[in-house]
1. Is there a residue being at pLDDT 90 or above and in contact with a strand residue (DSSP E or B) (Cβ under 7 Å, 6 or more places away or on another chain) anywhere in segment 93-100?
2. For a quick check of your reading: which strands (runs of 3 or more DSSP E) sit entirely within segment 57-124 and have at least 3 residues that are in contact with a Ser or Thr (Cβ under 8 Å, 6 or more places away or on another chain) and at negative phi?
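The values are calculated or read from the model by the stated rules, or taken from the named source; none is laboratory data. Fair warning: this is a prediction, and the values are worked out from it, not measured in the lab. Note that we place each Cβ from the backbone using ideal geometry, even for glycine, and neighbour counts take in every protein chain shown.
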Amino acid sequence: MSHSESWNVQKNVMHEQLLQLEEIRSHQMEQYVLQHNVEHKRLEQLLDQYIQYIKNLLTLSEPPAQQLVLLHHDIEIEYLEDGFIDKYCIVLPHETNPEEGKISLLSPVGRQLLLAPIHSELELETPAGIMKIRIVTIEQAAA
């Protein structure tokens, strides 16, 4: 498959995700975030930002130079404290499967990783405390 064909396939997948995200944004978010508070507002802003980013990507004829964490992309993160590498895939809420490393974009960790650039260092807030990480790789997940 040529580079151009591969990008067109990715764009088709992103278009389908966009439709699902807009559905979550407009109708289903209430079931994932029960309180209308600051956290709810942040989640709305993140979804709006992500939806706009995907809409912009769909107008491009080539993939962007900068890789960001997107839905259905496998990412490797390195915990800077001990060098441990972990793998995740950010998915839609109904696709979550922690045993397979599939975490929801609406989860606290998923929200922090979504749209993060490759090689960036983050202080990831987790139930176990703040973890300093680096995003090592980002790749389109296998279908």
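1. Scanning segment 93-100 turns up at least one residue that is at pLDDT 90 or above and in contact with a strand residue (DSSP E or B) (Cβ under 7 Å, 6 or more places away or on another chain).
2. Values: elements: 73-79, 85-91, 102-104.
In segment 57-124, the matching strands (runs of 3 or more DSSP E) lie at 73-79, 102-104.
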